[in-house]
Amino acid sequence: MNFQKITDLPIDMVSGKRILVRMDLNVPIQGGMIADDFRIKKSEPLLSWLSKVGAKTIIISHLEDVYSKEGGLSSNRPIYDYLKQKFNIRFVENVDQAKEEEKELSDGDMILLENLRFDDREKENNQDFAKELASLGDIYVNEAFSVSHRKHTSIVGVPKLLPAYAGPLFSAEVVNLSRVENPDHPFLFVLGGAKFESKLPLIEKFVKIADKVMVAGALANDFFKSLGYEIGNSKVYGKIDLSSLSKNPKILLPVDVVVWSDAGSITKLPQEVLPTDIIEDIGPKSLEMLAPMLESSKFILWNGPLGNYEKGFRERTVKFAEMVSDAEGFSIVGGGDTTAVISHMDFEKKFGFVSTGGGAMLEFLEKGTLAGIEALKKTA
């Protein structure tokens, strides 16, 4: 790694200092309550360490309202209500208020700043906003791997102005995801979900590295279409010729699918799909096909649900999560809906590594770096 971890510094370099920590506390909120605290829990070890060594911690993060139809922004107050049960923490509305509260902080205390994206300058990598945020800290720490593919002010602007370090979770993400460049074999890569334009580069890359690449979710529909199958009203990207890639012997597609039509939910072979059908999930025979591959694989990489998770087609994704957790090979899993499955099933420790990244994980797997990683290298 071409950056340093804050936890590797001598304690006397951190104790009593103002530590500005960029976290990704962007979690789903329902009725003012946190619906899934996976990302917060993954970040808590750093907060506990900073409190223990006597740092004065200023936390900055964003929060989106993933439950609103508009996809708007929400206040960080529910995050504050959660964290105050474990830490001596204060909530502030803006940078000026944070500066005043800093004067009253004791060693080990914390401040949580209101949603960064309430200020339009956050997404603009604005130098003035970077200076305002940097004025709150003596040291900057990036513990927000999952948003570090964004060239936002708090990710790439602030670390230019302060000594910059990575948090332990950020470092663990980089170390574990880097294993894909030199994996043990047999190597099985399973890619689901949608967002075809961001995932196609991964298929093209890993078909050269992995022994098998299983394409599921909405991504598989484009492959079915390239093979001449009827896909009905299923979601499809449809902007690229996949005829050559579809014939690659390393590419695996579902051997059966669950479709939704006026008759309800039915399991069919891909070649049996009707013009009125919508492909929503893989079928049970597809899981049976994957079972022996999981048993023999020494390295397993999985990103994205196998079906339309948001519409309730979760059965195969949940079952596959159980199968991966029982596999002996080292497993790396990630993606928003994928980690939601694992979080609710409460067996995260049975996987080799569970990434907090969605888009950041995909970009790192493709490019081997992120904007946030590059921003940390100057301190090293």
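Numbers below:
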item	result
Selection count where residues are free of Cβ contacts under 8 Å to residues at least 40 places away in the same chain and either over 20 Å from Phe118 (Cα atoms) or open to solvent by 10 Å² or more (accessible area, probe 1.4 Å) (or both), scope region 139-153	1
Flag for Asn26 being on the phi > 0 side of the Ramachandran plot and among the polar types (S, T, N, Q)	no
Unmet criterion (only one of (1) touching a residue at least 12 places away in the same chain (Cβ under 8 Å); (2) surrounded by 14 or more Cβ atoms within 10 Å (Cβ to Cβ); (3) not β-branched (Val, Ile, Thr)) for Lys84	(1)
Search result, residues across region 262-297 that are of a type in the set (Gly, Ala, Ser) and at pLDDT 95 or above	Gly283, Ser286, Ala291, Ser296, Ser297
Sole residue being at pLDDT 90 or above, assigned to a helix (DSSP H, G or I) and of a type in the set (S, T, N, Q), chosen from Thr356, Thr317	Thr317
Pairs with Cβ under 6 Å, 6+ apart, first in region 247-262 and more than 9 Å from Ile282 (Cβ to Cβ), second of a type in the set (A, V, I, L, M) and surrounded by fewer than 16 Cβ atoms within 10 Å (Cβ to Cβ)	Val259/Ile266
Criterion violated by Gly157 - all others in (1) within 14 Å of Glu374 (Cβ to Cβ); (2) within 20 Å of the chain's Cα centre (by Cα); (3) not polar (S, T, N, Q) satisfied	(2)
Filter pass, Thr339 being touching a residue at least 24 places away in the same chain (Cβ under 8 Å) and not acidic (Asp, Glu)	yes
Region 242-268: number of residues that are assigned to a loop (DSSP other than H, G, I, E, B) and open to solvent by less than 20 Å² (accessible area, probe 1.4 Å)	3
Criterion (among the aliphatic types (A, V, I, L, M) and open to solvent by 10 Å² or more (accessible area, probe 1.4 Å)) met by exactly one of Ala321, Ala360, Ala375	Ala375
In region 342-355, the residues that are hydroxyl-bearing (Ser, Thr, Tyr) and either without any contact (Cβ under 8 Å) to a residue 40 or more places away in the chain or open to solvent by 10 Å² or more (accessible area, probe 1.4 Å) (or both)	Ser343
Condition met for Ile282 (open to solvent by less than 60 Å² (accessible area, probe 1.4 Å), in contact (Cβ under 8 Å) with a residue 40 or more places away in the chain and over 21 Å from Glu315 (Cα atoms))	no
Residues located in region 169-189, provided they are more than 16 Å from the chain's Cα centre (by Cα) and not basic (Lys, Arg)	Val180, Glu181, Asn182, Pro183, Asp184, His185, Pro186, Phe187, Leu188, Phe189
Every pair of residues 6+ apart whose Cβ atoms lie under 9 Å, when the first sits in region 287-303 and is free of Cβ contacts under 8 Å to residues at least 60 places away in the same chain and of a type in the set (Asp, Glu) while the second is open to solvent by less than 10 Å² (accessible area, probe 1.4 Å) and assigned to a helix (DSSP H, G or I)	none
Some residue of region 199-215 being over 29 Å from the mean Cα position of the chain (by Cα) and either acidic (Asp, Glu) or assigned to a loop (DSSP other than H, G, I, E, B) (or both)	no
All positions within region 156-172 that are touching a helix residue (DSSP H, G or I) at 6+ places or on another chain (Cβ under 8 Å) and closer than 10 Å to Glu143 by Cβ	Tyr165, Ala166, Gly167, Pro168, Leu169, Phe170
Complete set of residues in region 109-138 that are assigned to a helix (DSSP H, G or I), of a type in the set (Lys, Arg) and out of contact with any strand residue (DSSP E or B) (no Cβ under 6 Å at 6 or more places or on another chain)	Arg121, Lys131
First in region 117-138 and closer than 12 Å to Leu161 by Cβ and open to solvent by less than 50 Å² (accessible area, probe 1.4 Å), second anywhere and among the acidic types (Asp, Glu) and in a loop (DSSP other than H, G, I, E, B), Cβ under 7 Å, 6 or more apart	Phe129/Asp119
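The values are calculated or read from the model by the stated rules, or taken from the named source; none is laboratory data. Computed from a predicted structure; not experimentally measured. Ideal geometry is used to build each Cβ from the backbone, glycine not excepted, and the neighbour counts take in all protein chains shown. Ligands, DNA and RNA are stripped out before the accessible areas are found, and what is left, the full protein with its side chains, is counted by its heavy atoms. Shrake-Rupley method; radii C 1.70, N 1.55, O 1.52, S 1.80 Å.
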